[in-house]
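Asks: Mind looking over this structure? Questions follow.
The values are calculated or read from the model by the stated rules, or taken from the named source; none is laboratory data. Note that the structure is a prediction, hence the values are computed from the model and not measured. Reconstructed Cβ throughout: ideal geometry from the backbone, glycine too, with neighbour counts over all protein chains shown.
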C-alpha cells in the first residue's frame, strides 16, 4: 500500500503547479424533487453552483426535456450573464400545455454569446404536468412514525388549478395498493382556479398500517376524477407511538469511541403509569458488540419529547437504530422497531464530509473536487488523509488527487481533493475513497468509500435523479479532546445563517465564559476554550457545559477539564 501511495502521489504532484482554470456545474437541486405531479405553468426551480473560466462570463439555462428533446410546450427563464469566477444561481422552466410528461431537466453552461455549449447535464425526472397539480407534499409527524390511536397525520401541499371550475382534493391511506378502512379525515374545501397551499389530515381510531397516501383531485360534486397519484409513507397507528425521529449525526459516519449518536423523537402512550424508552445500536439484527447506551427513566403519560444516546466502546459497526418501549417494570414490550443506519466506530473518525461542488456535478477535466471534513485521531503523531476518485469499484482511469499534509492530533478540520486529468470521453466518479494512515504510511487506520456523482467531461446524463436534500441540522459536536488539559476545541454546524451564542457554564448553570456571540454563516465552525473564565483565571478540574444557542434551538455538551 505504501509503494502505491507514493507512486500515485508523485503523479498527482507533477501537475499541481500547472492546474488550469476550468468550468463546472454542481450542487444541482430541483425544488420539486425527482418526481412530481404539477399543474401547467408551475415553475420547476433549479438551483446550482457554478464556476466560469471565460473573462467574458457565461450563460446558464434549464429546459424541460421529453424523449430526448425540449418539450414542445416549454417555457424557461432567460439567463443572466454569470461573471467569471464561482457562485450560486437558480433558473426555472415549465410546461404550459400539450403532452404532459417530462423525463429530464437539462442544465447547460454556454458561452456568453450563446454560441458554444461548455458543459451540459441531463437530470432524469418523473414529472407530469396537468390541468390541476398537487405537489411538494409533506407530512407531520414525519415518516416513519408509530402513532397513538386518533393522532392526526397532517398533510401539507401546494396546488395549481388551471381549470375554469373549482375542484376538491382528497387523500386516503393505502396499504399494498388497497384502501385501509376505518379512516377519519378532513373534508375538502373548494380550490378555485389559481394556485396556493392546502392541507388535509387523517387518523384511525383502531390499529392501522399505511404505506402510501392516495391523492385524488375531483370536481366540486365529486362526479369527475381529474387526477390521481400516490405518495409513499411508513405510518402505523396503535396504543403507543414514536414519531418525528431525528438521528444526529446523520449516517453514514465514521466515529471514534467517544462520540455519541443522539436520537431525538416524540413519544405517545396510552399507559397512564408511563413508559420507558431505549434507543440501541444494532448490527445484523442484534445488539452491536461493545454497545453502550443511555438508560431510561420513567417517562410520563401521555406524551413528550426526549432524546437518547448510544455509542460503541470497541471497533465495530451499527446498521440499525433500534427503538424499544416498555411499561414501567419492563414486563411488557409496547414497541420494538428499527430504522436503517450506517455508523462505524474506531480510534479515529472522519466526519461530515462535504463535496465542493456537491453532487450531481459536471466538471471540465483537471478541475478539482474538494472534500471538506472533520477528523479525530488517537495517534499523538498525527495522521495523513487522502481522497481518491473511484469509478465502478476501482481507481478512476486518469484520476489524480492531492498529497496529504500531516494532520495533527488536535486539529479537527481538513480539506483534500480529487480530479480527473484531460481526456476525450466523459468519466463518472461514482465514489471517492478515503484513506487515513499514520505519519510514515506504515499503518492504515481507515479505508472506505463514500458516494459521489461527479462527471468529468463536457456532457452527461445523470444515471439517477438527485435525491431531495436532507433537512439541514444545527449540530453541536462533542468537544475534542475530552477530557482535556489545557485546551479543547468545540465544533458545531449551523444549519442556516443567523445569530449564535456559544458559552461555557458550570454544572450549577452559571456562565463561566462567553466564547461567541455573533451572526454566523451556515456550515461548520470551531472555537477553542483554554479552560479560563472571562477574566483569564484558570478554572478548576471538573465538569463544564458547552451550550450553543441559535434563534430557535439550544444544544448542550458535557466537557471534562482535568489538571
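Conditions tested, residue by residue: (1) touching a residue at least 60 places away in the same chain (Cβ under 8 Å); (2) touching a helix residue (DSSP H, G or I) at 6+ places or on another chain (Cβ under 7 Å); (3) surrounded by fewer than 18 Cβ atoms within 10 Å (Cβ to Cβ).
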position	(1), (2), (3)
403	yes, yes, yes
408	no, no, yes
421	yes, no, yes
435	yes, no, no
442	yes, yes, yes
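Asks: Just the residues that are under 16 Å from residue 151 (Cα atoms) and either in a strand (DSSP E or B) or touching a helix residue (DSSP H, G or I) at 6+ places or on another chain (Cβ under 7 Å) (or both), please, taken from the range 264-286. Walk me through it before giving the result.
Replies: Here is the first cut: in the range 264-286, the ones under 16 Å from residue 151 (Cα atoms) are 265-271.
Correct list: 265, 266, 267, 268, 269.
Asks: I would also like to ask the following. For residue 534, all conditions in the list (1) in contact (Cβ under 8 Å) with a residue 60 or more places away in the chain; (2) touching a strand residue (DSSP E or B) at 6+ places or on another chain (Cβ under 8 Å); (3) part of a loop (DSSP other than H, G, I, E, B) hold save one; what is the number of the exception?
Replies: Checking residue 534 against (1) in contact (Cβ under 8 Å) with a residue 60 or more places away in the chain; (2) touching a strand residue (DSSP E or B) at 6+ places or on another chain (Cβ under 8 Å); (3) part of a loop (DSSP other than H, G, I, E, B), the one that fails is (1).
Asks: Please determine whether any residue of the range 319-340 is assigned to a strand (DSSP E or B) and closer than 26 Å to residue 481 by Cα.
Replies: Let us first name the residues in the range 319-340 that are assigned to a strand (DSSP E or B), namely 319-326, 333-340.
Those left that are additionally closer than 26 Å to residue 481 by Cα: none.
No, there is no match, as no residue in the range 319-340 is assigned to a strand (DSSP E or B) and closer than 26 Å to residue 481 by Cα.
Asks: Go over the candidates 380, 353, 389 one by one and state the one that is out of contact with any strand residue (DSSP E or B) (no Cβ under 7 Å at 6 or more places or on another chain) and either more than 13 Å from residue 434 (Cβ to Cβ) or in a strand (DSSP E or B) (or both).
Replies: Values: 353 fails: out of contact with any strand residue (DSSP E or B) (no Cβ under 7 Å at 6 or more places or on another chain); 389 fails: out of contact with any strand residue (DSSP E or B) (no Cβ under 7 Å at 6 or more places or on another chain).
None of the other options fit; the residue is 380.
Asks: Among the residues in the range 234-241, are any in a strand (DSSP E or B) and closer than 30 Å to residue 130 by Cα?
Replies: Let us first name the residues in the range 234-241 that are in a strand (DSSP E or B), namely 234-238, 240-241.
Adding the requirement that they be closer than 30 Å to residue 130 by Cα leaves 234-235.
Within the range 234-241 (the criterion being in a strand (DSSP E or B) and closer than 30 Å to residue 130 by Cα), the answer is yes, since at least one residue qualifies.
Asks: Okay, moving on. Looking at 414, 400, 498, can you tell me which residue is farther than 30 Å from residue 139 by Cβ and at pLDDT below 95? Explain how you work it out, then say what you get.
Replies: Numbers: 400 fails: at pLDDT below 95; 498 fails: farther than 30 Å from residue 139 by Cβ.
Of 414, 400, 498, the one residue that is farther than 30 Å from residue 139 by Cβ and at pLDDT below 95 is 414.
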